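Input: a single structure, listed below in C-alpha cells.
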There are 4 protein chains.
Amino acid sequence: MISNKRKINIAVIGAGRIGKLHSQHLATSIVGAELTAMADVDLSAAQESAARLNVPKAVADYRELLQAPDIEAVAICSPTDTHAQIIQEAAIAGKHIFCEKPIAHDLGKVDQALEAVEKAGVNLMIGFNRRFDPSFRKLREMIAAGNIGTPHILRITSRDPAPPPIEYLANSGGIFLDMTIHDFDMASYLMANEVHDVFVAGGAMIDPKIGELGDLDTVVITLRFANGSIGMIDNSRKAIYGYDQRVEVFGSKGMVASENVAIDSHVFSNQEGIHSALPLNFFLDRYSTSYKSEMQEFIDSIQNSNPPPVTGKDGRIAIEMALAAKKSYQENRPVQLSEVDGV
Amino acid sequence: MISNKRKINIAVIGAGRIGKLHSQHLATSIVGAELTAMADVDLSAAQESAARLNVPKAVADYRELLQAPDIEAVAICSPTDTHAQIIQEAAIAGKHIFCEKPIAHDLGKVDQALEAVEKAGVNLMIGFNRRFDPSFRKLREMIAAGNIGTPHILRITSRDPAPPPIEYLANSGGIFLDMTIHDFDMASYLMANEVHDVFVAGGAMIDPKIGELGDLDTVVITLRFANGSIGMIDNSRKAIYGYDQRVEVFGSKGMVASENVAIDSHVFSNQEGIHSALPLNFFLDRYSTSYKSEMQEFIDSIQNSNPPPVTGKDGRIAIEMALAAKKSYQENRPVQLSEVDGV
Amino acid sequence: MISNKRKINIAVIGAGRIGKLHSQHLATSIVGAELTAMADVDLSAAQESAARLNVPKAVADYRELLQAPDIEAVAICSPTDTHAQIIQEAAIAGKHIFCEKPIAHDLGKVDQALEAVEKAGVNLMIGFNRRFDPSFRKLREMIAAGNIGTPHILRITSRDPAPPPIEYLANSGGIFLDMTIHDFDMASYLMANEVHDVFVAGGAMIDPKIGELGDLDTVVITLRFANGSIGMIDNSRKAIYGYDQRVEVFGSKGMVASENVAIDSHVFSNQEGIHSALPLNFFLDRYSTSYKSEMQEFIDSIQNSNPPPVTGKDGRIAIEMALAAKKSYQENRPVQLSEVDGV
Amino acid sequence: MISNKRKINIAVIGAGRIGKLHSQHLATSIVGAELTAMADVDLSAAQESAARLNVPKAVADYRELLQAPDIEAVAICSPTDTHAQIIQEAAIAGKHIFCEKPIAHDLGKVDQALEAVEKAGVNLMIGFNRRFDPSFRKLREMIAAGNIGTPHILRITSRDPAPPPIEYLANSGGIFLDMTIHDFDMASYLMANEVHDVFVAGGAMIDPKIGELGDLDTVVITLRFANGSIGMIDNSRKAIYGYDQRVEVFGSKGMVASENVAIDSHVFSNQEGIHSALPLNFFLDRYSTSYKSEMQEFIDSIQNSNPPPVTGKDGRIAIEMALAAKKSYQENRPVQLSEVDGV
C-alpha cells in the first residue's frame, strides 16, 4: 500500500527495552513515519540503536531534539518520573507526543503536563497498547455494537509470569500504578463508562520483600461503574504457567471473552491427559501486534489531523483509579474516585 | 457390584422437584438403599411418586414416618422454612438425616437443629451436591495434593439461565442464602480455609421487581480467607447462554479450573466463525452425576458408620457467609464473619 | 411425562454385558416398556439379572419366550452367530425385534433373516447405537438441513482404548465386521448416500497375535460415495489416551465435527503446559445416552406403528461395506460393493 | 543479539508475491543477511521492491547477478518452470541457492539441477516453509523424541480458503505438484520414513472448470510408508471457513496434533451457541513465522558451512510422491513410488 501523505519525522526518547521496540517499529514497519533521531541519557545506547536502524542522529539530551524544527513528533520511552516533564517541554516545543504509561505518579504533575498539551494544541497519546490488541478491540467493538446487550459484569485477569527486580519495584509507584494501570484502562476502554468506586483486597503472597516495600503482589479489585455495572480485576506478579491475560464481559444478551494466546498450537495426548502449549510468556510477544498498531494509529492521527485514539484524559483516569485503589487498600473500604486528592 | 452390607431403609420428605429426583435415584441407582416411604403435605404428590417408583408407603404427615421403627434415615426435601424443625424431630426420633440446603435462614434455628443432631448422635448431611461433581472434586483433590502450591486466588462464576418466579424469590431469603450459598460452600470446600471477611457489590440489573423485593440479581463478592488468600464470586440470575458454572483456583505452582459442560460436542465452522454447543442449561442436567454421588455417599456413610462427607457445620458456615454478605451489601463495607449475629 | 399408550411387553435374550445394559434401561428408564422376561443359555445369569431388576421370568431357552403370547417384542443380545437364527424365529413368532449389530458375518444368513422379517411384517431394528448419540445426531441434522452445503469429505476416527481378548477376536469376524461396522454405518447415516467402493490400507501394528489370526488392528479406509463425495475412516484397536470417537464432515458451505467427550472438565496449568482430562474411556460411558435413546425409539416405533429408525437394510449395507473392505485388503485395490458375493 | 559472523550478500530473483515476502524479511529481520540485489523480468517490479527496501541494485536479467562476485547466495522466487534452469546456472556460478517449491514438474529436470548443485558443492535449500512452523516443528521433535512411541497413523488436513485463478491452475502442474506437495513433504518430515505407495480418491467438486483442465480440487490420499505406518492427506481448494491446516500423528504411546491458529482469541456466547474466530485466512499470515525462520536457517547454514535443513533430495521426494499420486488417480490403484518414471 502506498501512501501519498507526507512522512512524519519522529524521534524516540529513551533507548531502553520499550524505546528499542518502538524504534524498530518506526524504522521498519510503521507506514508514514520517518525515525530521524534517538535520545538517551546513556548516549552509547542511543547511538547503538541509531546505528542498527540507520537512524541519522543520536543524542544524549532530548532537548536538542525538541529544538530541531524538522522533528514533528516524539515518542517518550524514558523512565516514568521524567514523563510529565518531557511532555510539558515537548508540548511547548510544538511536538506531537506519544508517551508511555503512566504519565506520572501524582495528579498534580499529570495536570501540568495536560495543560501544556492543551495550550499547545498538539496531540498527546498515552501508550495503553492493549487497546490495540485484535482480541480486546474485537470485544470493545462487539460491546459497542450491542452484541451483549447491557454490560453487567466485567472480569479482567492479568498476571505476569514473574515479578520485576526488587530495585525496579522500589520506584515503580506500586502495583496499581505500575501493573494494574493497564487493567484500569482496559476497564474504561471496554465498559465505556466511568468508575464510581474501587475496593481492593490484596497481599504480598509471592515475595515477602515486595511486602517490605509496602507494595502488593497479588490483588483482587472490585470496580463499581457509574451506570451500576460491576468489574473485577485480579493481578498476580507471578503466574508460573506464563503471562495470563484474559478478559470477559457479561451482559444481558450474551458474553464476550478474550482467551490467552498459546505459544504454538500443538496438542499432545497420552495416558496422563491432553496437554497443550502455555500462553505466550513475554509481554512483547503477546502484544507484538498491539505495539505496532498503536504507533501506526499515532502516526495516522497526526497525518489526518485527528485526535489520538488514547488521550491524556484517558491516561489521567487510569491514574485516578490507581490512586483510589491504593487508598482503598490502606483504609480497607470502597473508595470513590472523587475522594482521591486532586480529582 | 454386589454389596453384602444391609440395606438402609430411607424415606423422602417432600415430593417436589428435588424430592422426586432424590426418590428416583434412591429407587433405581443408589446401592444399599431401600426407598420405603414418601411424605408430602400434598398427599397426592407423595402417592404419585410412590406409585411410579413402587414405593410401598405414601403419607401426608412426615411425623408418621419418623415414628416408623424400620425407617433408618430420611431425606428432607421440603421447603427451606421447615428444614430446621424436621431435622430436630428426625434427630430426636433417631433417624440419620440428609437435608437440602440451606438449613435455615437464621443461625438460631440452625443451632437448635445442630444441637439436636449432636445429642442424638445421628448423621446429618447437607445437600451441597456440587462437592460431588467430578470436576470440582478433581480440583479439590489436586489442590489438597499440592499441585498448585499455595492457593492465592479463587474465582467462582455461577450464573443461572433464568431467575426463578418472583413468588419464589419473595420467600427465598435473598440471593446469598438461596443461590450464592452453593458458591460459599464451594469456596470452603476448595480452599479448605476459613473465610475472614466478605465484601459485596451488587444490583438488580435483570429485573426491577427483584430490586423491589430488596433482593439482588447480580453480585460480585470478595472473600478474604484467614490464611490471606482471596476469593471472588460472581453471580447472575440470568445468563442468556445457559447455566454458567466455572471455578478457578490460582496458586504459587499452578492453576486448576473447571470449565462448563456442553450440551453436546459438535462444532460447526462456516464463514462467520466456529460455533459450538451451549452449556447444559438446567441444574439437574449439569449436576446429574453429583446428585447421585452425594446420596450414594450419604448411604455409604451410614452403612460404614462414618461421619457424612458434608456436615451440619459445613451447612452453618455457608449461612454465616451469606449473612455476612447481606450485611456487607447493606453497609457497603467488608464484614467479618465474626460480626454476624449468632456467630 | 405420562403416556397413555399401552406398555410394550419386551423380553431380553442374552444376559451378557450388553444384555444387562439394555435390561437395566428397559426396567428403569424406557417410557412405555415393560421388561417381562430374560433369557440366557446360562440360566443363572438370566435369573440374576431378573432378580436385580424385579423381572418376573427368567429362562434358559429363548424359544420359550417366543411362544409367550403376552410378549410383544424381543431384544437380541446373544452372540453374533445366533443373531440371524433368532431374528428368523422371532419374526415367525410375530415379535418385533431389536438386534445387536452385526446381523451375521455373511450375506446369505442376513437375507434369510430379513426375508422372514419382511414376511412377518414385524419391526426389525439394528443396534447401531451411535446414530442416537446427541452429537452425531446433531451433525446428521445439520447436514440434512444444508448447513454445510454439499458434503465433500467425511472423516471418521474411531479408536478403541484396548483390543479385546484374542479369544474374542478369533471369532469376531475380523476388524471390519466387528469394529469398523459402526463407522460404516455412521458413514451411511451422515452422508445419506450409497458407498460405491472401498479401499483399505492396514496392518497389525499393536499385537502380532492379531496378525497371526489374519486380522488387522490398524486400518485406514477410503470410501467413494455414489455422488462423488469421499470418506476416510481410521481405526486402531489401541489408543493409549482412551476411546477416540471423532467425526467431521466438510462441505461446500462449511464443516461440522463432533469432538471427544472428556471424563471431566478440569484444566490444570503449570510450568509444563495446559493439561485436561482424557476422553471417556469406555464405550458404555461414552454412549450411555445413545443406548437409552435407541431403545426408547425402538419402543416408540412399535407403539406408534412406525418403521424403526434403523432398519434391517441399514444392517445389511454396513455388512456389505465390511465385506468389500476385507476384499480390498486382500487384493490391494479399491473394491466396489457390487463385487461382493451376494450383493 | 549481535553476530560476529560475516554478512551473507544475497540476491532475490523474482519480485512477485513470494519474492517480495522473502525480500522484506532479508532486508529487515534476517540476522546475517545483506540483501544486495533484486531481479525480475519485469524490471519495474524489481526496481520498486529495491527502492522500498533500500536495496542498491535492481536488474531484469538474473544472469547479471550470477556474475557478480560479491553475491554469495540467491533466493529463487520466479515461476516454477524456471526453477531448475536457474538452480543449474546459479550452481555453476558457485552461488548458494534457496529455491521455492517445486523444483520442477518432471524428474529429469530435477536431476539435472541436483547434479549441478552436487558438482558445484553449493548449498541448495527447497522452500518447504511449513517445516519451520513452530507447531509442526514441535510435532516433529516430539515424535523424534519418542513421545508417541511408534507412529501408526498420520493425518494431514490441508485446505485452501479459495482456489487460485483458472489461468494459474492451467500451468500449475496439477493439485499434487502445486498444493499437495507441501503435505507430501510434511509427511516425510514428520514420519522420517520413506513412502512406499500412494492411493488417491478425488474429484472436481468445487469448480467444474478445474475438472475441465484435467485437474482435481478435492483429494483424499492414502500413503503407505516403508515401515508399515499409514498416512492420510485430504485437500480441498476451498474451505469456506478459511485456511485449514491441521496435522495429527497417532502412535503406540500417544498422539500429537497441531490445531489451526485463529485470527484472534475472542469467544462470544449468546442464545445460539459459543462462537469463536476463524483460522487465519491467508497463507502468508498463517506461516509468517515459518517464512522468516526458513530464510534465517538458510543464511545460518551458509555462515556455519552446514548442509541446509531442507535438501534438494527432500524436494525430489515430494515430487516423486506427487507423480505417483497422479498415476494412482489415473489408474485407480495404489501406485508405488518405484513405478514412477525416473525414480
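The values are calculated or read from the model by the stated rules, or taken from the named source; none is laboratory data. This is a predicted model, so every value here is computed, not measured. Neighbour counts run over all protein chains shown; Cβ positions are idealised from the backbone, glycine included. For the accessible areas, the whole protein counts, side chains as well, though only heavy atoms, and no ligand, DNA or RNA atoms are used. Shrake-Rupley method; radii C 1.70, N 1.55, O 1.52, S 1.80 Å.
Between D:R6 and D:N306, what's the calculated FRET efficiency when r is the beta-carbon distance and R0 is 25 Å? Round to 0.05. So the FRET efficiency works out to roughly 0.95. Within the listed set C:K57, C:K95, C:K327, the Gaussian network model of chain C (springs between alpha-carbon atoms below 10 Å) gives the highest mean-square fluctuation for C:K57. In the neighborhood of A:S293, defined by Cβ-to-Cβ distances under 11 Å, what is the net charge if each Lys or Arg adds +1 and each Asp or Glu adds -1? With Lys, Arg at +1 and Asp, Glu at -1, the neighbours total 0. FRET efficiency for the D:E331 to D:K238 pair, using the beta carbon distance and R₀ = 25 Å, is estimated at 0.40. In the complete set of protein chains, residue-level accessible area for B:E297 is approximately 60 Å², probe 1.4 angstrom.
How much net charge surrounds A:A318 when only other residues with a Cβ under 14 Å from its Cβ are counted (Lys, Arg +1; Asp, Glu -1)?
Local charge sum for A:A318: -2.
To the nearest 10, the accessible area of D:K20 is 90 Å² with a 1.4 Å probe. Computed from backbone phi with θ = phi - 60° and the Karplus coefficients 6.51, -1.76 and 1.60, the 3J(HN,Hα) list for the range C:230-242 is 10, x, 10, 10, 10, 10, 9, 7, 8, 9, 5, 8, x Hz; x is used for glycine and proline. Among B:R52, B:R137, B:R155, which one shows the highest mean-square fluctuation when chain B is modelled as a Gaussian network with alpha-carbon springs under 10 Å? It is B:R52.
For chain A, a Gaussian network of Cα nodes joined below 10 Å ranks A:I319, A:I13, A:I71 by mean-square fluctuation, and the top entry is A:I71.
The modelled label-to-label distance between D:T82 and D:D70, using points 7 Å beyond Cα along the C-beta direction, is 2.4 nm. For C:S338, the label point sits 7 Å beyond Cα toward Cβ; its separations from the matching points on the remaining copies run 3.5, 8.6, 8.9 nm, from shortest to longest. Between C:I92 and D:A60, the modelled labels are 9.2 nm apart [label points 7 Å from Cα along Cα→Cβ]. Which residues in the range B:234-257 have a backbone N closer than 19 Å to a point placed 7 Å from the Cα of B:N281 along the Cα-to-Cβ line? Residues B:236-246 fall inside that zone. Taking label points 7 Å from Cα along the Cα-to-Cβ direction, C:Y168 and A:E141 give a separation of 5.3 nm.
Legend: mean number of C-beta atoms from other chains within 10 angstrom of residue C-beta atoms, peptide B:209-218, equals 1.
Note the distances from A:Y168 to each other copy's matching label point, with points 7 Å along the Cα-to-beta-carbon direction, in nm, sorted shortest first. Inter-copy label distances (nm, one decimal, shortest first): 4.4, 5.1, 5.8. Residue-level result for chain C: its Cβ closest to the axis carrying C onto A, with that distance in Å, is C:H275, 3.
Taking every residue in B:148-154 and counting other chain Cβ atoms within 10 Å of its Cβ, the average works out to 5. A 1.4 Å probe, protein heavy atoms only, puts the accessible area of B:L43 near 70 Å². Shielding of peptide D:24-32 by partners, expressed as the average count of other chain Cβ atoms within 10 Å per residue Cβ, is 1.
Between copies, A:K7 shows label-point distances of 1.8, 9.0, 9.1 nm, shortest first, with the point placed 7 angstrom from Cα along Cα to C-beta. To the nearest ten degrees, helix D:181-191 and the longest principal axis of the Cα atoms of chain D are 80 degrees apart.
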